[in-house]
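Participant: Can you read through this structure? Questions will come right after.
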């Protein structure tokens, strides 16, 4: 049996170098990790080998983390990127009933709200004045939503702030918009694109396994629907993020299958900008209080998922993001040592994780990001949504460089 790592060993792993620890890793694990490192490609190992990586413990886990950190340095250098953005949740009224969500409200609850398109546009103006280049717009799904409400939000934001990038509407919202309008999926997405939609959040993915999804939310879109929305968006020039929620009812095998599925889609479309592991925040959720889920990820699981993402998605999705709203300050930094290279967005007004019980706050300023990044010896860099423009920041100098971090998306 592999020895169980202590919390201090896990917290101290950034001091380990792959070359120093490789000799302590079991032979099969070492072969798999070295093959990925040599090729810089997650496709270099089999699915069975990937499952073995996901179950690594003890010195094998330390080796996994060290290898992921080395590969991150080779693929992304020492930059840690972030985007200045504002989160806008236009309503908390929702009929879906996800058991992992503490944000949604029924229409008769006393603390409901609903923003009209002009109010969303005003929030975008406020964000622009504070230096944001992106608004991230998502909300609950209320009954009786005007059929073209999502389109009208886009028009309002673009009218108010023409230069703002709009990152909006999960695949679940897209499916609802198609239902409301009766339009074919591709036509609906192209209408949104032509009215200002820049990119889609790849949320509503949770775990892309319908048995797990039935536990998390019986009313949510299916795995096949999520994939169809994403593939159709990519084919029509709309890029997206990709996500996975971990630390609830799923197993390591689910992590691997999801990452390999996302890789398959990326190899076909090239449309994912990044992968975002989302740790389950359990405190205020029905899923936990009904005994259907564990109490969120362990420290080892947080680190392992980020490391696996770096290693298995290498050569396909090379930007791995930490979701700081779901992690504390130190843990977010540790995940940056475990393979991640992006800090996500400043958000300004984060509600969903906070109401589930997260305590990281609603806003991290650019200066806070820079401080967190410099503390771990990396270089802060402000980016745009699709990683084609970065502004490097350091304690001594500030300058702008135009750099394409990924192949141009067609």
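The values are calculated or read from the model by the stated rules, or taken from the named source; none is laboratory data. The shown structure was predicted, so the numbers you read here are calculated from the model rather than taken from an experiment. Every residue, glycine as well, gets a Cβ built from its backbone with ideal geometry; the counts of neighbours run over all protein chains shown.
Participant: Do you know which residues across the range 156-182 are surrounded by fewer than 19 Cβ atoms within 10 Å (Cβ to Cβ), in contact with a helix residue (DSSP H, G or I) (Cβ under 9 Å, 6 or more places away or on another chain) and under 30 Å from residue 364 (Cβ atoms)?
Facilitator: 158, 159, 160, 163
Participant: Looking at the range 95-108, which of the residues that are touching a strand residue (DSSP E or B) at 6+ places or on another chain (Cβ under 8 Å) and surrounded by fewer than 21 Cβ atoms within 10 Å (Cβ to Cβ) is nearest to residue 293 (Cα to Cα)? Even if it seems obvious, please write down each step before you answer.
Facilitator: First, the residues of the range 95-108 that are touching a strand residue (DSSP E or B) at 6+ places or on another chain (Cβ under 8 Å): 100, 103-107.
In the following step, the residues that additionally are surrounded by fewer than 21 Cβ atoms within 10 Å (Cβ to Cβ) were identified as 103, 105-107.
Details: 103: 18, 105: 21, 106: 23, 107: 27 Å.
Only one residue tops the list, namely 103.
Participant: Restricted to the range 23-34, and to residues that are in a helix (DSSP H, G or I) and surrounded by 15 or more Cβ atoms within 10 Å (Cβ to Cβ), which residue is nearest to the chain's Cα centre (by Cα)?
Facilitator: To start, the set of residues in the range 23-34 that are in a helix (DSSP H, G or I) comprises 23-24, 27-34.
Okay, now just the ones that are also surrounded by 15 or more Cβ atoms within 10 Å (Cβ to Cβ), so 29-30, 32-34.
Details: 29: 27, 30: 28, 32: 26, 33: 24, 34: 27 Å.
Only one residue tops the list, namely 33.
Participant: Read through the list (1) within 28 Å of residue 319 (Cα to Cα); (2) in a loop (DSSP other than H, G, I, E, B); (3) free of Cβ contacts under 8 Å to residues at least 40 places away in the same chain, then give the number of the only condition that residue 208 fails.
Facilitator: Of (1) within 28 Å of residue 319 (Cα to Cα); (2) in a loop (DSSP other than H, G, I, E, B); (3) free of Cβ contacts under 8 Å to residues at least 40 places away in the same chain, only one is false for residue 208: (3).
Participant: May I pose another question? Just one of 111, 20 is out of contact with any helix residue (DSSP H, G or I) (no Cβ under 7 Å at 6 or more places or on another chain), modelled with pLDDT under 95 and assigned to a loop (DSSP other than H, G, I, E, B); which is it?
Facilitator: Numbers: 20 fails: assigned to a loop (DSSP other than H, G, I, E, B).
Only one candidate passes the filter, namely 111.
Participant: For the range 267-303, what are the residues that are closer than 14 Å to residue 216 by Cα and loosely packed, with under 15 Cβ neighbours inside 10 Å?
Facilitator: Correct list: 286, 289, 290, 291.
Participant: Quick one: would you say residue 253 is in a helix (DSSP H, G or I) and touching a residue at least 60 places away in the same chain (Cβ under 8 Å)? Quick ask: steps written out before the conclusion?
Facilitator: Values: in a helix (DSSP H, G or I): yes; touching a residue at least 60 places away in the same chain (Cβ under 8 Å): yes.
Yes.
Participant: Additional query: Of the residues 100, 90, which is under 25 Å from residue 323 (Cα atoms), touching a helix residue (DSSP H, G or I) at 6+ places or on another chain (Cβ under 7 Å) and at pLDDT below 95? Give the steps one after another, and end with the answer.
Facilitator: Values: 90 fails: at pLDDT below 95.
Only one candidate qualifies: 100.
Participant: Return yes or no: is residue 185 in the same structural domain as residue 290 (by TED's automatic domain parsing) and either surrounded by 18 or more Cβ atoms within 10 Å (Cβ to Cβ) or more than 24 Å from residue 346 (Cβ to Cβ) (or both)? Walk me through how you get there before you give the answer.
Facilitator: Values: in the same structural domain as residue 290 (by TED's automatic domain parsing): yes; either surrounded by 18 or more Cβ atoms within 10 Å (Cβ to Cβ) or more than 24 Å from residue 346 (Cβ to Cβ) (or both): yes.
Against the criterion (in the same structural domain as residue 290 (by TED's automatic domain parsing) and either surrounded by 18 or more Cβ atoms within 10 Å (Cβ to Cβ) or more than 24 Å from residue 346 (Cβ to Cβ) (or both)), residue 185 qualifies.
Participant: OK, next. Restricting attention to strands (runs of 3 or more DSSP E) lying wholly within the range 292-410, give those where 1 or more residues are at pLDDT 95 or above.
Facilitator: Details: elements: 342-345, 379-383, 390-393, 398-401.
Counting at least 1 such residues, we get 342-345, 379-383.
Participant: Also: Please pick out the residue among 47, 40 that is within 27 Å of the chain's Cα centre (by Cα) and exposed (fewer than 13 other Cβ atoms within 10 Å of the Cβ). Explain how you work it out, then say what you get.
Facilitator: Numbers: 40 fails: exposed (fewer than 13 other Cβ atoms within 10 Å of the Cβ).
Only one candidate passes the filter, namely 47.
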